[in-house]
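S.K.: Following this message is one structure expressed as structure tokens.
The values are calculated or read from the model by the stated rules, or taken from the named source; none is laboratory data. Everything numeric in this text was worked out from a predicted model, so none of it was measured. Virtual Cβ from ideal backbone geometry, glycine too; neighbours counted across all protein chains shown. These area figures cover heavy atoms from the full protein model, side chains too; ligands, DNA and RNA do not enter into them. Shrake-Rupley method; radii C 1.70, N 1.55, O 1.52, S 1.80 Å.
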Amino acid sequence: MESKKEFFLECYKLGIIKFGRFTLKSGIESPFYVDLRPLASDPKILKKLANYLLDMLPLDNFDIICGVPYAALPMATAMSLESYLPLIIKRKEAKAYGTKKLIEGIYEKGQNCLLVEDVITSGKSLVETIDEVENEGIKVSDIVVVLDREQGGKEKLEEKGYKVHSLFNISEVVEILREVNYIDEEEVARIRDFVNGNQVVFQEKKRLSYEQKLEITEHSFAKKILEIAIEKRSNLIASADFITTQELLNFADIVGPHIVALKTHIDILNDFDADETILPLKDLAAKHNFLLMEDRKFADIGNTQELQFSYGTFKISNWADLITSHVIGGSKSLDCFVNAGIVAILGMSSEGTLTDSHYREEALKIIENHPNIVGCVAQNKVPDNILLFTPGVNLGTSGDGKGQQYNSPEHVIKNYNTDFIIVGRGIYKADDPELEALRYKTEGWQAYQDAL
Ligand code: 5BU
């Protein structure tokens, strides 16, 4: 048989222990979280686990075997199959009708039952289970657990005269994971502290500054927008959702000094004209030093996106520095955006969006690995090397009655580490858009500085 250590690492790969910051049922913060249920989904591992557990035990002492519901049920079943110890099932609650039995299966009073548990923490729930089993006239002398969290449970049960056999304990598990560099010294120390009953202090990870991001970002447009942010002391992008060129240009000139980028929906203009719209817009971008971001939200196959990007009425590739794109077409669909930076859509701000956590997890894999990506649009934290753009920002209201959901600049910068806030109606619908742009700029910058 492989070593216990190798076996543990096999189990670990199923995701049974997570490290980070977790709030337990009791409200206590823990530096790790254990859930052994995935073990039952790998039949080979479950079978091996059953044999490891059985090997530790004086099997002749037991007449029957019982798992503590629910996580230990498959474990007890597998042990029963490997050892021929008959299985009984303990219900979580007695049936409200019929037999009202708490224990199901065939057993006799006075038989000795081996109890199986996945994780032992304080031992409280095990004590309750033992009481219930003993109330049926069944004897319990030994308990076998897969993982001892070393928080007093074993001692508590042993004081009451039970023998607790544990396959792994958290200290040895941490040692194994440290040896293979899956966790670092800081985490090891925090776990030791926690196990020793000390309150664990979690150091809040600070957000990176724009200067630090400038060092780690690769894309030229990522660098450009960061440089503008530093120079203008602004993280504001104004969304200019106008339907006439005149309004668009007036607005760009007014808010230009305060923004890092102007976001357009060029296809909503009634009077688009490359010479009349784009040329003066580019001049304004140069005059006030901001980027042009076309919120096109591409969502097609690569070939079509390539055509949509460079041809048709708007010829976006001629003038946009940044474009938004969904990643729904897969990584290769993004290859066509070569002379602009992609701001990929990870999560939308609107109520009922389908960009749920599963979608975002998969989308992020594409976003993290595509060289044309500058950043993403999202309403949650993202890795440090991807710039985060957050729309749905408004100081005056929480929604628009059409599904848009708003937060304040402070909220998104503090909670999501947003790099750039995107504000549309909050600014362009204001009585004095310039003053309002200044207000969002000031609030956004202040929130950023406070978060450093
Ligand atoms: P608003 O007026 O601040 O609600 O405008 C927000 C802009 O951002 C608007 O142009 C939207 O098309 C855009 N937007 C958004 O609001 N939410 C999203 O998730 C994405 C884009 Br992606």
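S.K.: Within the stretch 414-434, can you find the residues that are surrounded by fewer than 17 Cβ atoms within 10 Å (Cβ to Cβ) and within 10 Å of the ligand (Cβ to nearest atom)?
M.R.: 425, 429 - these are the residues of the stretch 414-434 that are surrounded by fewer than 17 Cβ atoms within 10 Å (Cβ to Cβ) and within 10 Å of the ligand (Cβ to nearest atom).
S.K.: Next up: Given the conditions (1) exposed (fewer than 12 other Cβ atoms within 10 Å of the Cβ); (2) modelled with pLDDT of 95 or more, and given that residue 93 satisfies all but one, which numbered condition is not satisfied?
M.R.: Just one mismatch for residue 93, condition (2).
S.K.: Right, next: Restricting attention to the stretch 378-413, and to residues there that are of a type in the set (A, V, I, L, M) and in contact with a Gly (Cβ under 7 Å, 6 or more places away or on another chain), which single residue is most open to solvent (accessible area, probe 1.4 Å)?
M.R.: 395
S.K.: Can you spot a residue in the stretch 236-259 that is hydroxyl-bearing (Ser, Thr, Tyr), open to solvent by less than 10 Å² (accessible area, probe 1.4 Å), in contact with a Pro (Cβ under 8 Å, 6 or more places away or on another chain) and within 15 Å of the ligand (Cβ to nearest atom)?
M.R.: yes
S.K.: How about the stretch 385-407: which of its residues are over 17 Å from residue 209 (Cα atoms) and either away from the ligand (no atom under 12 Å from the Cβ) or aromatic (Phe, Trp, Tyr) (or both)?
M.R.: 406
S.K.: One residue is enough: does the stretch 132-142 have a residue meeting the conditions surrounded by fewer than 21 Cβ atoms within 10 Å (Cβ to Cβ), within 37 Å of the chain's Cα centre (by Cα) and more than 20 Å from residue 50 (Cβ to Cβ)?
M.R.: Looking through the stretch 132-142, none of the residues is surrounded by fewer than 21 Cβ atoms within 10 Å (Cβ to Cβ), within 37 Å of the chain's Cα centre (by Cα) and more than 20 Å from residue 50 (Cβ to Cβ).
S.K.: Count, please, the residues in the stretch 46-66 that happen to be surrounded by 13 or more Cβ atoms within 10 Å (Cβ to Cβ) and either over 24 Å from residue 9 (Cα atoms) or touching a Ser or Thr at 6+ places or on another chain (Cβ under 6 Å) (or both).
M.R.: Residues that pass the stated criteria total 7.
S.K.: For the stretch 94-112, check the following and say yes or no: at least one residue is in contact with an Asp or Glu (Cβ under 9 Å, 6 or more places away or on another chain), among the hydroxyl-bearing types (Ser, Thr, Tyr) and in contact (Cβ under 8 Å) with a residue 40 or more places away in the chain.
M.R.: Within the stretch 94-112, one or more residues are in contact with an Asp or Glu (Cβ under 9 Å, 6 or more places away or on another chain), among the hydroxyl-bearing types (Ser, Thr, Tyr) and in contact (Cβ under 8 Å) with a residue 40 or more places away in the chain.
S.K.: Something else now. Of all helices (runs of 4 or more DSSP H) completely enclosed by the stretch 1-100, which ones contain at least 3 residues that are of a type outside the set (Gly, Ala, Ser), in contact with a strand residue (DSSP E or B) (Cβ under 8 Å, 6 or more places away or on another chain) and closer than 30 Å to residue 196 by Cβ?
M.R.: Working: elements: 4-12, 43-55, 73-83.
Ranges flagged: 43-55.
S.K.: Just the residues that are surrounded by 15 or more Cβ atoms within 10 Å (Cβ to Cβ) and farther than 15 Å from residue 15 by Cβ, please, taken from the stretch 26-45.
M.R.: Listed by number, the residues that qualify are 30, 31.
S.K.: How many of the residues in the stretch 321-338 are among the hydroxyl-bearing types (Ser, Thr, Tyr) and open to solvent by 10 Å² or more (accessible area, probe 1.4 Å)? I'd like the intermediate steps shown before the answer.
M.R.: Filtering the stretch 321-338 down to residues among the hydroxyl-bearing types (Ser, Thr, Tyr) leaves 324-325, 331, 333.
Add one more test, that the residue is open to solvent by 10 Å² or more (accessible area, probe 1.4 Å), and what stays is 331.
Of the residues in the stretch 321-338, 1 are among the hydroxyl-bearing types (Ser, Thr, Tyr) and open to solvent by 10 Å² or more (accessible area, probe 1.4 Å).
S.K.: Sort out which residues of the stretch 343-384 are hydroxyl-bearing (Ser, Thr, Tyr) and more than 12 Å from the ligand (Cβ to nearest atom), and write them in order of number. Talk me through it step by step, then tell me what you get.
M.R.: Residues of the stretch 343-384 hydroxyl-bearing (Ser, Thr, Tyr): 349-350, 353, 355, 357, 359.
Matches in the stretch 343-384: 357, 359.
S.K.: Scanning the stretch 270-291 for residues that are in a loop (DSSP other than H, G, I, E, B) and surrounded by fewer than 21 Cβ atoms within 10 Å (Cβ to Cβ), which turns out nearest to the chain's Cα centre (by Cα)?
M.R.: Of the residues in the stretch 270-291, the ones in a loop (DSSP other than H, G, I, E, B) are 270-273, 289-290.
Among the residues that remain, those that are also surrounded by fewer than 21 Cβ atoms within 10 Å (Cβ to Cβ) are: 270-273, 289.
Numbers: 270: 41, 271: 43, 272: 41, 273: 43, 289: 35 Å.
Among them, the one singled out is 289.
S.K.: Mind counting the residues in the stretch 350-361 that are surrounded by fewer than 10 Cβ atoms within 10 Å (Cβ to Cβ) and under 15 Å from the mean Cα position of the chain (by Cα)?
M.R.: Of the residues in the stretch 350-361, 3 are surrounded by fewer than 10 Cβ atoms within 10 Å (Cβ to Cβ) and under 15 Å from the mean Cα position of the chain (by Cα).
S.K.: Let me ask you something else. Of the residues that sit in the stretch 108-130 and are in a strand (DSSP E or B) and of a type in the set (A, V, I, L, M, F, W, C), which one is farthest from residue 195 (Cα to Cα)? Can you show your working first?
M.R.: Just the residues of the stretch 108-130 that are in a strand (DSSP E or B), to begin with: 112-120.
With of a type in the set (A, V, I, L, M, F, W, C) added as a condition, the list becomes 113-116, 119-120.
Details: 113: 30, 114: 27, 115: 25, 116: 23, 119: 14, 120: 13 Å.
If we take residues in the stretch 108-130 being in a strand (DSSP E or B) and of a type in the set (A, V, I, L, M, F, W, C), then 113 is farthest from residue 195 (Cα to Cα).
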